[in-house]
1. Which one of these does Ala146 not meet: (1) within 17 Å of the chain's Cα centre (by Cα); (2) modelled with pLDDT under 95?
2. So which residues in region 79-118 are open to solvent by 50 Å² or more (accessible area, probe 1.4 Å), aliphatic (A, V, I, L, M), at pLDDT below 75 and within 19 Å of the chain's Cα centre (by Cα)?
3. Quick one: is Arg187 open to solvent by 10 Å² or more (accessible area, probe 1.4 Å) and over 15 Å from Leu116 (Cβ atoms)?
4. For region 9-50, what are the residues that are within 17 Å of Pro120 (Cα to Cα) and of a type in the set (Phe, Trp, Tyr)?
5. Consider region 25-62. How many of its residues are of a type outside the set (A, V, I, L, M, F, W, C), part of a helix (DSSP H, G or I) and out of contact with any helix residue (DSSP H, G or I) (no Cβ under 9 Å at 6 or more places or on another chain)?
6. Does region 121-137 contain at least one residue that is among the acidic types (Asp, Glu), open to solvent by 30 Å² or more (accessible area, probe 1.4 Å) and at pLDDT below 95?
7. Say we look at region 64-78 and pick out the residues that are in contact with a helix residue (DSSP H, G or I) (Cβ under 7 Å, 6 or more places away or on another chain) and at pLDDT 75 or above; which of these is nearest to Leu137 (Cα to Cα)?
8. Return the residues of region 95-153 that are closer than 23 Å to Lys195 by Cβ, assigned to a strand (DSSP E or B) and of a type in the set (A, V, I, L, M, F, W, C); say none if nothing qualifies.
Amino acid sequence: MPTPYLEPGACRGLRARASLRILRLAGWRVVLALPVPMRCVVIFYPHTSNWDFLIGLLAKWATGIFFRFVGKDTLFKGPLGAVFGRWGGIPVNRRERTGFIGQMLAEFPRHDDFRLVIAPEGTRRRTEVWRSGFYHLARAANVSLALGFIDYPKREVGVGGVIELTGDVAVDMARIAAFYADKCGRRPENQGPVKLRDDVH
C-alpha cells in the first residue's frame with residue numbers, strides 16, 4: 001500500500017486530534033494514498049450501515065479535508081439540518097428528479113476547494129446497479145474521480161486512489177470495480193456489485 005498522505009494541517013486542532021484518537025481507539029486507520037485533488041467527485045463504497053456515516057465523518061475531521069457530502073434530504077430536516085450543513089452536507093431528494101447534477105456542476109467553477117462525496121449505491125440496502133450521477137458529474141465538470149472506501153475487516157477508511165475517467169464506461173467501471181474488489185462493508189449481504197446500468201453511455 002502507498003505511504004498514507006496527510007495534507008498540511010491534518011490532525012491539527014482539537015477536533016482533528018480527538019477524531020483521530022477515537023478512530024484509533026476503535027481500531028480504525030485513516031488511509032489517504034494520494035493527495036486528494038482540490039476539486040473532484042469522491043465516490044464512497046460500500047455503504048451498508050448507518051455506522052458508515054459516523055466513521056466517515058470522524059475520518060473527514062481527522063484529515064482536516066473539507067469534504068462536502070450528499071445526503072438524503074430527510075436528514076436535513078429539524079434541528080440537525082443546520083449542523084449537517086456546517087459539516088459540508090448537501091441535501092438531495094432521491095425521490096424526484098430535481099436537477100441536482102446540474103446544480104452541483106455549477107458549483108465546481110465557483111470554488112477552489114470542492115470535493116464532493118457521493119455514495120453511488122444511493123441506499124444502504126442491496127442494489128444491483130449504481131446510480132450513474134457521479135460518473136456524469138465528474139465527466140461534465142472535467143474533474144478527477146477519487147475512490148473513497150470503508151473496509152470493516154481491515155478497519156480502514158479513506159481515499160485509496162484517484163482516476164481520470166476516459167468516457168469509456170466499460171473501461172472506467174472495470175478499473176473502479178478492481179479497486180473495490182477487496183473492500184467489504186459492515187453488512188456484506190447489503191453490498192451490491194460495482195456496476196452501472198447497461199444503457200449508461
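The values are calculated or read from the model by the stated rules, or taken from the named source; none is laboratory data. Predicted, not measured: the structure shown is a model, and the values here were computed from it. Cβ atoms come from the backbone with ideal geometry, glycine included; neighbour counts cover every protein chain shown. For accessibility, only protein heavy atoms count, side chains too; no ligands or nucleic acids. Shrake-Rupley method; radii C 1.70, N 1.55, O 1.52, S 1.80 Å.
1. The one condition Ala146 does not meet is (2).
2. none
3. yes
4. Those that are within 17 Å of Pro120 (Cα to Cα) and of a type in the set (Phe, Trp, Tyr): Phe44, Tyr45.
5. Qualifying residue count, region 25-62: 2.
6. Yes, some residue in region 121-137 is among the acidic types (Asp, Glu), open to solvent by 30 Å² or more (accessible area, probe 1.4 Å) and at pLDDT below 95.
7. By that ranking, first place goes to Phe67.
8. Leu116, Val117, Ile118, Trp130, Leu145, Ala146, Leu147, Phe149, Ile150
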